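Student: Sharing a structure with you now.
The values are calculated or read from the model by the stated rules, or taken from the named source; none is laboratory data. Because the structure is predicted, anything quoted here is derived from the model rather than measured. Neighbour counts are summed over all protein chains in view; Cβ atoms, including those assigned to glycine, are modelled from backbone coordinates with ideal geometry. Heads up: the accessible areas ignore ligands, DNA and RNA and are worked out on the full protein's heavy atoms, side chains in. Shrake-Rupley method; radii C 1.70, N 1.55, O 1.52, S 1.80 Å.
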Amino acid sequence: MIYLCSNTSCDDENIVHLELCKIKYASFSVDLSAFSALVISSKNAISALAFNKIPPNNKISVFAIGKVSANAASKYGFGCVYEAQNSHGDEFALEIAPGLKGKKTLLLRPKEQISDIKRILEKNGVLLSEQIAYENSIVTAPKRQFETGAVFIFASPKNVEGFLSNFAWRDDFRAVAIGKSTASALDGFTNPLVSNKQNISECIKIAKNLL
């Protein structure tokens, strides 16, 4: 059996969704017209703008990790959206930094961010401001017995933390991580397979090959 440890479920009826975390949006106000670029590492950043009724600005360029984040920005109304080739946090920052050097840039980020996006951008001359837009909080999950050889897809480091807060890891379990930061959270008790793309669909393909 495959279990998806993510804030959102998937349409595959053969995948069991484990809700281990919950997104809470921060209340904030920001004038997007004061910036040349917006950097996001999750679709939750766009949802946070919607939560705070902050409209999109077509004069600002959005730099997004992964197709899901980029699509969310486009759907919200941003006209210039760049989907990075690298879907892992640090590599993403290194990729976009040259084009942002000397530009006023806003980073909409979670309360806890594992990757060094902020430090890398600032080190490379980006005029960076940051805004905590959301946080991922652990919830108590119903007790459950897992099958031998179960495969778990982890969509974030927080979901790893959420799993370990609710369940015990077993040696017969297998893990798939959506990115390098998530894989790092699994270090010490398992050696996960890491998706090349920050995409749940890609993780599911990897997971199914483990069964």
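Student: Using only alpha carbon pairs under 8 Å that are at least six residues apart, calculate the relative contact order of the chain and give it in whole percent. Don't skip to the answer; put the middle values down first.
Tutor: On the way: 455 pairs, mean separation 46.5, N = 211.
Contact order relative to length: 22 percent.
Student: Could you pull out every residue, at least 5 positions away or on a different chain, whose amide H is within less than 5 Å of the one on SER61? Hs are placed 1.01 Å off N in the peptide plane, and Pro or chain starts have none.
Tutor: ALA37, LEU38
Student: While we're here: Take PHE28, project a point 7 Å from its Cα along the Cβ direction, then tell me which residues of the stretch 132-166 have their backbone nitrogen under 15 Å from it.
Tutor: Residues 132-136 fall inside that zone.
Student: Calculate how steeply helix 157-166 sits against the longest principal axis of the alpha-carbon atoms of the chain, using the helix alpha-carbon long axis, and give the answer as 0 to 90 degrees to the nearest 10.
Tutor: With rounding to tens, the tilt is 40 degrees.
Student: Let me ask something additional. Roughly speaking, to the nearest percent, how much of the chain's 1.4 Å accessible area is carbon and sulfur? Each step should come with its number before you reach the end.
Tutor: Numbers: 5060 of 10770 Å².
Accessible surface attributable to carbon and sulfur in the chain totals 47 percent.
Student: Please figure out what share of the DSSP beta bridges in the chain is antiparallel and state it in percent, rounded to the nearest 5.
Tutor: Values: 6 of 39 bridges.
Percent antiparallel among DSSP bridges in the chain is about 15.
Student: In terms of modelled amide H atoms, which long-range or inter-chain residues lie less than 5 Å from the amide H of GLU130?
Tutor: Placed amide hydrogens put LEU107 under 5 Å from GLU130.
Student: Which of the aspartates and glutamates could be linked to LYS158 by a straight reach, that is with a Cα gap under 17 Å, when you skip same-chain ones fewer than 8 residues away?
Tutor: GLU19, GLU112, ASP116, GLU135, ASP187
Student: What number comes out for accessible area per residue over the chain if the probe is 1.4 Å? Units Å², please.
Tutor: On the way: 10770 Å² over 211 residues.
Each residue of the chain exposes 51 Å² on average to a 1.4 Å probe.
Student: Moving on. In the stretch 132-211, if every C-alpha pair distance is counted and binned at 5 Å from zero, what percent goes to each bin?
Tutor: Result, from short to long distances: 3, 15, 25, 25, 21, 8, 2, 1 percent.
Student: Calculate the length of the line joining the C-alpha centroid of the stretch 39-56 to that of the stretch 127-178, in whole Å.
Tutor: 23
Student: Take the Cα gyration tensor of the stretch 29-129, multiply each eigenvalue by 5, square-root it, and list the three semi-axes largest first, rounded to whole angstrom.
Tutor: Details: eigenvalues 71, 43, 33 Å².
Gyration-tensor ellipsoid for the stretch 29-129: 19, 15, 13 Å.
Student: Here is a follow-up. Out of all Cα-Cα pairs in the chain, roughly what percent, to the nearest whole number, are more than 22 Å apart? Working shown, then result.
Tutor: Details: 10947 of 22155 pairs.
Counting pairs separated by more than 22 Å, the tail of P(r) holds 49 percent.
Student: For PHE146, what is the net charge nearby, where nearby means another residue's Cβ is under 10 Å from its Cβ and Lys, Arg count +1, Asp, Glu -1?
Tutor: Details: positive: ARG144, ARG170; negative: GLU147, ASP172.
Here the count lands on 0.
Student: Over all alpha-carbon pairs of the stretch 85-168, lay out the pair-distance distribution in 10 Å bins, whole %, shortest bin first.
Tutor: Bin by bin from 0 Å, the calculated values are 15, 36, 24, 17, 8, 1.
Student: Can I ask one more? Can you give the local net charge around TYR134? Use residues other than it whose beta-carbon is closer than 12 angstrom to its beta-carbon, Lys and Arg +1, Asp and Glu -1.
Tutor: That sum, taken over residues with Cβ under 12 Å, equals +4.
Student: I need the calculated FRET efficiency for the pair LYS67 and LYS208, taking r as the beta carbon distance and R₀ as 25 Å, to the nearest 0.05. Show your work: numbers first, answer last.
Tutor: Working: r = 20 Å, r/R0 = 0.79.
Rounded to the nearest 0.05, the efficiency is 0.80.
Student: Further question: For the stretch 146-186, build the convex hull from the C-alpha positions and give me its volume per residue in Å³. Each step should come with its number before you reach the end.
Tutor: Details: hull volume 2.4 nm³, N = 41.
Dividing the Cα hull volume of the stretch 146-186 by its residue count gives 58 Å³.
Student: A follow-up question, please. Just the number, please: Stokes-Einstein D of the stretch 170-211 in µm²/s, Kirkwood Rh from C-alpha pairs, 25 °C, 0.890 mPa s. The partial results should precede the final answer.
Tutor: Values: Rh = 10.4 Å.
The calculation lands on 235 µm²/s.
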